[in-house]
Amino acid sequence: MWLFVGLGNPGAKYDNNRHNVGFMVIDKIQDNKPSFGSFRSKFQGKLSEGRLSGQKVVLLKPTTYMNNSGQSVAKVSKFYKIPSENIVVFHDELDIKAGDIRVKQGGSNAGHNGLRSIQAHLGTSDFWRVRIGIGRPHPNADISGYVLDNFLKEERIWLEPLINALSDQSYKIIEDNPKSYCDFIKSNISS
């Protein structure tokens, strides 16, 4: 069994924020994959269950706000007995060029409060992260204002195809692994 977590903040006013790109991916997977049911409120989050490549997958959008995402992730992980190496977290990343993606397992949280909370509540950093680049603002710009701003119209040119690809190819996480999944998407988005 796998747990796919999208990080973001709940509420309509945050829907199009850069910080909510993880929610956007989870929403698209749930929309595009017929095996997933409607989201229901449980474990301080919105969750949907379905199957990818014959394996059960739980989609989760924590509703605790970004800084407390780990509360919801830990509850779901414990209830379904999902090991940390089968948890994949989709999140925004300032230190990656806008529209690029990277994947890693474990390591530091690089100051991302959602990841910090997940590490603290799981007691490990040994989960996968799909890091979705949003780029950095102007050096004098306010970082929190930037991540909580909506994606601009010109950013939608790369955002929508990337979210579609992350959703369409999500079964590759199960069939191969998160690293192969991201490599595949990067090679197909850039071509």
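The values are calculated or read from the model by the stated rules, or taken from the named source; none is laboratory data. Keep in mind that what you see is a predicted model, and the values were worked out from it rather than measured. So basically every Cβ, Gly included, is an ideal-geometry build from the backbone, and we count neighbours across all protein chains shown.
Looking at region 170-187 only, could you name the residues that are surrounded by fewer than 17 Cβ atoms within 10 Å (Cβ to Cβ) and not in a helix (DSSP H, G or I)?
D176, N177
Collect the residues in region 1-57 that are hydrophobic (A, V, I, L, M, F, W, C) and without any contact (Cβ under 8 Å) to a residue 12 or more places away in the chain, keeping them in residue-number order.
Quick first cut of region 1-57, residues hydrophobic (A, V, I, L, M, F, W, C) only: 1-5, 7, 12, 21, 23-26, 29, 36, 39, 43, 47, 52, 57.
Hit for region 1-57 is A12, nothing else.
Can you name the residue in region 81-115 that is in a strand (DSSP E or B) and of a type outside the set (A, V, I, L, M) and, of all such residues, is nearest to L60 (Cα to Cα)?
As a first pass, look at region 81-115 and keep what is in a strand (DSSP E or B): 87-93, 101-105.
Among the residues that remain, those that are also of a type outside the set (A, V, I, L, M) are: 90-93, 102, 104-105.
Details: F90: 10, H91: 13, D92: 16, E93: 19, R102: 20, K104: 19, Q105: 19 Å.
Top of the filtered list is F90.
Could you tell me which of the residues K81, K75 is in contact with a Phe, Trp or Tyr (Cβ under 7 Å, 6 or more places away or on another chain) and among the charged types (D, E, K, R)? Walk me through how you get there before you give the answer.
Numbers: K81 fails: in contact with a Phe, Trp or Tyr (Cβ under 7 Å, 6 or more places away or on another chain).
Exactly one residue qualifies, and that residue is K75.
Collect the residues in region 35-66 that are part of a loop (DSSP other than H, G, I, E, B) and under 18 Å from E175 (Cβ atoms), keeping them in residue-number order. Quick ask: steps written out before the conclusion?
First, the residues of region 35-66 that are part of a loop (DSSP other than H, G, I, E, B): 35-39, 43-44, 53-54, 63-65.
S35, F36, S53, G54 - these are the residues of region 35-66 that are part of a loop (DSSP other than H, G, I, E, B) and under 18 Å from E175 (Cβ atoms).
Just to check your reading of the model, which residue among R129, R136 is closer than 18 Å to P62 by Cβ and surrounded by 14 or more Cβ atoms within 10 Å (Cβ to Cβ)? I'd like the intermediate steps shown before the answer.
Numbers: R136 fails: closer than 18 Å to P62 by Cβ.
The conditions single out R129.
Could you tell me whether region 99-118 includes any residue that is buried (at least 23 other Cβ atoms within 10 Å of the Cβ) and among the hydroxyl-bearing types (S, T, Y)?
The initial filter retains those residues of region 99-118 that are buried (at least 23 other Cβ atoms within 10 Å of the Cβ), namely 112, 114-115, 117-118.
From what is left, the residues that are among the hydroxyl-bearing types (S, T, Y) are 117.
Yes, the conditions are met somewhere in region 99-118.
Report yes if some residue within region 78-92 is at pLDDT 95 or above, within 13 Å of W2 (Cα to Cα) and in contact with a Pro (Cβ under 9 Å, 6 or more places away or on another chain); otherwise report no.
Yes, there is a match, as at least one residue in region 78-92 is at pLDDT 95 or above, within 13 Å of W2 (Cα to Cα) and in contact with a Pro (Cβ under 9 Å, 6 or more places away or on another chain).
Return yes when I163 is in contact with a helix residue (DSSP H, G or I) (Cβ under 7 Å, 6 or more places away or on another chain), surrounded by 14 or more Cβ atoms within 10 Å (Cβ to Cβ), within 24 Å of Q105 (Cβ to Cβ) and aliphatic (A, V, I, L, M) and no when it is not.
Details: in contact with a helix residue (DSSP H, G or I) (Cβ under 7 Å, 6 or more places away or on another chain): yes; surrounded by 14 or more Cβ atoms within 10 Å (Cβ to Cβ): yes; within 24 Å of Q105 (Cβ to Cβ): yes; aliphatic (A, V, I, L, M): yes.
Taking the combined requirement at face value, the residue satisfies it.
Looking only at region 116-146, how many residues end up being in a helix (DSSP H, G or I), at pLDDT 95 or above and among the hydrophobic types (A, V, I, L, M, F, W, C)?
3
Residues in region 42-65 that are out of contact with any strand residue (DSSP E or B) (no Cβ under 8 Å at 6 or more places or on another chain) and either of a type in the set (S, T, Y) or modelled with pLDDT of 95 or more (or both): how many?
Step one: list which residues in region 42-65 are out of contact with any strand residue (DSSP E or B) (no Cβ under 8 Å at 6 or more places or on another chain), which gives 42, 53-54, 65.
Applying the additional criterion that residues be either of a type in the set (S, T, Y) or modelled with pLDDT of 95 or more (or both) yields 42, 53, 65.
Residues in region 42-65 being out of contact with any strand residue (DSSP E or B) (no Cβ under 8 Å at 6 or more places or on another chain) and either of a type in the set (S, T, Y) or modelled with pLDDT of 95 or more (or both): 3 in total.
Under the condition of being surrounded by fewer than 21 Cβ atoms within 10 Å (Cβ to Cβ) and of a type in the set (D, E), which residue from region 1-57 is nearest to E155 (Cα to Cα)?
Residue satisfying both the conditions and the ranking: D15.
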